[in-house]
Structure formats: structure tokens, C-alpha cells
Amino acid sequence: MPRLPAPLTLPPEHAASAAASPSDDATADRRRRALRRRRRTESATAWAFVAPSVAVILGLAILPVVWSLLLSFQADDLVTPSRWVGLDNYRALRQDPHFSQAVGNTLKYTAMYVPLSMVLGLGLALALNRRIRFVGLYRTLFFVPFVISATAQGVLFSFILDPQFGAANSLLHHLGISPQGFLTDPGQALFVLVAISLWSGTGFCLVVYLAALQDVPPSLIEAARLDGAGHRHLLRHVVLPTLAPVNLFLVVWQLIESLQVFDLVYVTTKGGPLGSTTVVVYFVWQQAFQNFTAGYGAAAAYVLAVALFVIAAGARALRRRAPGGQEGAAR
């Protein structure tokens, strides 16, 4: 008996497309158009909500940064039309003794404030990371100065440290110590500013270290104690390696804060006496709004911005390499 030829069949996708009617194609097309309209509506709604924030960021951050960068290449007194001078402002900064003094004062302030604030904050955190009476009150009292604005701190300590009528010299007189110049003495003013900053800035380090200490794995501490480790060995070989990421964060944060110090200097010393407390940000303000050399001040501001960028980039590079080393240290 002869075999019948096998029937020809189309692949499933072709069969489905062949079976689909024109009405189904029209329905699918309408659905795609409706989906596109809905997506456009959602995008427009999202941009309507985001637009105010974008406008604020552009108007108060990005545009001023670009404008000040262009201003740093110009001679501008904020009144008459500006004049393009290229790199002359930056060349003048290299030869300006006042700018060199401001940079030196800023570096001295930073070199004293950053390590002292971290060491004091860690010491207080270790002392307050225990079950003692009124520990919550003590933590609050140490943190409250950080909440006070730098302007209020400056006004407060200007009264306390007044050479003639201040409470500090009155106390020294009762102790038999000769009166001190404090903020009016060129040899003391910068150290006094560091002390005022420590009074407020240590509280931030304290809170950060307290949070980090409470995350130290108890199993590591118990294992070290079972091996006979004392308090000093626990601190050196268990606690401090675990705090390495926090230390890096605080170093970067405190460096940025100290390099940008301005309010306290403006309220207390105005950069004096004899320029002993003139820091970079105050120098920028002075050039732009006192001497009306805005282009020169903008150039000084960008020197500081480059320094901050280098610090941030260095911290980012350290964080990328840190996890392996920190994990190994913690083990």
C-alpha cells in the first residue's frame, strides 16, 4: 500500500501569527500605545516632583561652582566689568605671604584639632560604653556642645575669655595666675580656637565611636578574654582593628571640617591678632568682600577645593583596599 505524503505544517510561531486576526493586531497596537502614554505620564509626574530639587541643586550648587571657576581666571571687583587674566590670580597666590600664612594657620589648626578630637572622643566613648549610673545623662552632656552653632560658641567664649572682664581671667586671678590674653594674644589665639573647637567637636566623635563600640562582636572579646588578654590587649588587638572603618570616616570628616573652619574665626578674632588666626576660608571671604578682589578670592577657594578633592579621593582609594585588611585584622 503506497504511503501517503506527510502533511505540511507551519512552525508554532508562524501558525499563531497566521491564525491571528487583524482585530487582534489592532488590539495589541492599542495596548502598546496606551502603555507608552502611561509611561510618558509617569515620567512627567516624576519630573514634576523632582524639578524643584533639581532647580535648587543647579541654582545653589552647580552654577555657582562653574561661575566661581570662571571668576578665578578674571580680575573682578564685583562692581565694574571683569577682565580675563588667565592664571595670574593663581600665580599671585604663590607669592602672597598672607595666603601662605593662612595656609600655615589652617594646617596647624587641622594638625591639632583632628587627632585630639578623635583621641578624646575615643577615650570618652570607652569610658561611657559601660553600665554606670546616669550614663545617658553623661552622653547627652558631652554631645550637647556639638549641637550649638559655631556663632553661638564664638559669642559665648568671647565673653568668657575677655582679657579684662572675662570669667577665665577672674578665675586665674583667684588661683594666683597672671591674666592671659587668650584670643587677643598672637601666641595663644590659634590654640584657644582649637580648644573651643574641641569643646564642641569631640561630642560628634564620641557618638560615632559609641555606636561603633556597640557593634564590636562580643564573641571576639570573649575569645580574647579566654586567651588571657587584658584590657590593653583587648583595646589594641580587638577593639581598634574593628574600629578601622570608623577611624577612616572620622579622619576624613574632621579634616574637611577643620579645613573649612570660618564661623568661629569670624565671630571671635576676625583673623587677628596680626593674622595669627587667618585661615584659608576667612582669607577667601576677606579678599572677596573686604578687598573686593573676587577673582583672587575665587582662586584661593579653588586651591582649597582641590585639597578637599584630593582628601576625598585618597579616602575613597583607602576604602577600596580596606575591607580585606580590616577583616583580617578583626580575625
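Brief remarks follow.
- Backbone HN-Hα couplings from phi across region 39-53 [Karplus 6.51/-1.76/1.60, Hz, Gly and Pro as x]: 5, 5, 5, 5, 5, 5, 5, 4, 5, 5, 6, 7, 3, x, 5
- Proximity of backbone amide H atoms, modeled 1.01 Å from N, is registered between Ala75 and Arg83, Trp84, Val85 at under 5 Å, excluding neighbours fewer than 5 places apart on the same chain.
- Within region 86-330: Cβ-based charge dipole about Cα centre, in debye rounded to nearest 20 (Lys, Arg +1; Asp, Glu -1): 560 debye
- Ordered by the count of other Cβ atoms within 10 Å of each Cβ, fewest first, Tyr90, Tyr282 give Tyr90, Tyr282.
- Gyration tensor verdict on region 111-228 (Cα atoms; rounded if a/c is under 1.5, prolate if a/b is larger than b/c, oblate otherwise): prolate
- Karplus 3J(HN,Hα) series, Hz, for region 278-284 with 6.51 cos²θ - 1.76 cosθ + 1.60 (x for Gly, Pro): 6, 9, 4, 5, 5, 4, 4
- As a proxy for reagent exposure, His233, His174 were ordered by neighbouring Cβ count within 10 angstrom, fewest first; the result is His174, His233.
- When the chain is treated as a GNM with alpha-carbon contacts under 10 Å, the residue of Gly297, Gly154, Gly187 showing the greatest mean-square fluctuation is Gly187.
- Residues Thr80, Thr184, Thr151, Thr242, ranked from the fewest to the most other C-beta atoms within 10 Å, line up as Thr80, Thr151, Thr184, Thr242.
- Helix-only CD estimate at 222 nm, as mean residue ellipticity for the chain, using -39500 (n - 2.57) per DSSP H run (n ≥ 4): -23000 deg cm²/dmol
- Shown here: Rg and Dmax of the Cα atoms in Å, derived from the displayed model; of the candidates [x] 29.0, 99; [y] 28.8, 113; [z] 31.9, 133, it corresponds to [z].
- Test item: Cα-centred dipole of region 26-71, Lys/Arg +1 and Asp/Glu -1 on Cβ, debye: 640 debye
Quick note: the coordinates plus some simple rules give every number you see, no bench work behind them. Note that the structure is predicted; figures quoted are calculated from it, not measured. Every residue, glycine among them, receives a Cβ derived from its backbone with ideal geometry; neighbour counts consider all protein chains shown.
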